[in-house]
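Shown next, in structure tokens, is the structure this report addresses.
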Amino acid sequence: MKELLLKADDVSRRQFVNCAAQTLLGVTVWGHATGLKGQEAAPAAPTGTGHSAKSCIYLYMSGGMTHLDTFDPKPGTPEGGPVQGIRTKADDVILSEYFPRLAYRMDKVALVRSLKTNQGAHEQGNYYMHTSYAPRNTIKHPGLGPWMTMLSGRYNRTLPGSVVIGGGRSSGAGFFPPQHMPLILGNASEGLKNSTRPSDVSEKEFDRRLRLAEAVDKQFVSAYNQKKVKAYSDMYRDAVKLMTSEDLKAFNINHEPADIRETYGDNGFGQGVLLARRLVENNVRFVEVQLGGWDTHTNNFTSVSDRAATVDRALSALIGDLESRGLLDETLIVLATEFGRTPRINQNDGRDHYPRAFSGLIAGGGIKGGQAYGKTDESGSRVIENPVLVPDFNATIATALGLPVGHTLYSPSGRPFKVANNGEPVMDILA
């Protein structure tokens, strides 16, 4: 068995451990095996800002959200189409008519209207936005959540350091150790599956199986005292520890009052954002909530109005809820997407991929709200003021979270990497 496991590739070993854990104990182990050469952690160090958030809720609009119909409207122009603009609580900041609730929260929000990317395909653009690195066949790069827990640790040792809700693509932990792998949840309303002892397994029997597993592991770990092996054992113990923890309740949104759940919206994304708020309340460092459906090559305006209404409700509820609980100043909210959509409306009443100009949003802790940073021309075709590259956007997020953007960590092959790939934070946005 030892020889077979050692010869297996990383995926095979990962499948073996997950299968063994589920079969023997009835629990799910998250993560994947990898090593990290050199330093394993760095102390969190603010990089020139007076305040930093301790947690991040990252809302990812999968598919390429149109900037012209959301955060950078161009009413009255051919490129702007039928979408009108509305005034907001932030002076001189106009939003699309699809965001009436968010308009009243804009004093807490910084729009970034001058994003640019060199990735025009979904998979590559998604990966680049999450990692600040172009995809390579030879290495997987960590996402922002794993960077956050790697550089500044976890506040709750029972719950995972980062969580992804929505079941979409995730860049994962990359070359970081598996304890930094995000926990993936498909549906917020279902909570954390496979997290309790199976009903047909008594506590006594469960303890017996656990001791048996530990006895089997002990010989293997002793013979092969390596980081990868130890990391698997640590994940195993973490999963069992969570099963008996009171912190497990954080995943159950049914504990929320009905009116609060309704405020966020009766849909998967809205309930996912509510779950994100519960998790950061319980000191989970990074929670991503994904919403697909933004790839609007056809019927752009119908699709965007529906999607925007979902985001408008959940995001405005999140900002107000965090503020009322005294958590907004310590929670960073980010809304991002892989690229924008073409100013030209195609023959199918849609917009196509457009990496040359798009928008994002940052709010909450560590951010100067009430502003729109950067500018596109009158058609939304090109950035004409304060361009922000994807690594710069991510460096701004990292800095707002107090992460040392200049700190270098090394992959197992000895290659140097930074949290935002040498991106420069936009200091005008930072508090």
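Readers should treat all values here as calculations from the given coordinates under stated rules, not as data from a laboratory. Small disclaimer: the values here were computed from a predicted structure and weren't measured. As a convention, Cβ positions derive from the backbone with ideal geometry for all residues, glycine included, and neighbour counts pool all protein chains shown.
Residue separation of Ser324 and Ile384 scaled by 0.36 nm, minus their Cα-Cα distance, works out to 17.8 nm of gained length. Distance between the modelled labels on Met427 and Arg157, one decimal in nanometres: 3.9 nm (7 Å Cα→Cβ projection). In loop segments of the stretch 287-328 as defined by DSSP, the trypsin sites (Lys or Arg not before Pro) with at most 16 further C-beta atoms inside 10 Å of their C-beta are Arg325. Take the Cβ atoms of Ile260 and Thr302, set R0 to 30 Å, and the FRET efficiency comes out at 0.50. The ellipsoid equivalent to the alpha-carbon distribution of the stretch 339-412 has semi-axes of 30, 17, 11 angstrom, derived from the gyration tensor eigenvalues as √(5λ) and listed largest first. Too long at a 26 Å Cα-Cα cut-off: which of Lys89/Lys375; Lys249/Lys368; Lys74/Lys116; Lys54/Lys368; Lys74/Lys418; Lys116/Lys418? With Cα atoms farther than 26 Å apart: Lys249/Lys368; Lys74/Lys418. Counting charges near Ala357 (Lys, Arg +1; Asp, Glu -1) among other residues having Cβ under 9 Å from its Cβ returns a value of +2.
The amide H of Ile139, built 1.01 Å from its N in the peptide plane, has no neighbour under 5 Å, considering only residues 5 or more places off or on other chains. Taking amide H as placed 1.01 Å from N in the peptide plane, Tyr155 has its amide H under 5 Å from the amide H of Arg285, each at least 5 places away in sequence or on another chain. Our note on the geometry: Cα centres of the stretch 93-129 and the stretch 331-375, 2 Å apart.
The simple spin-label model puts a point 7 Å past each Cα toward its Cβ; for Arg136 and Asp107 those points are separated by 4.7 nm.
Derived scalar couplings between HN and Hα for the stretch 69-79 equal 10, 10, 9, 9, x, 10, x, x, 10, x, 5 Hz in order, rounded to whole Hz, by the Karplus curve 6.51 cos²θ - 1.76 cosθ + 1.60 (θ = phi - 60°), x for Gly and Pro.
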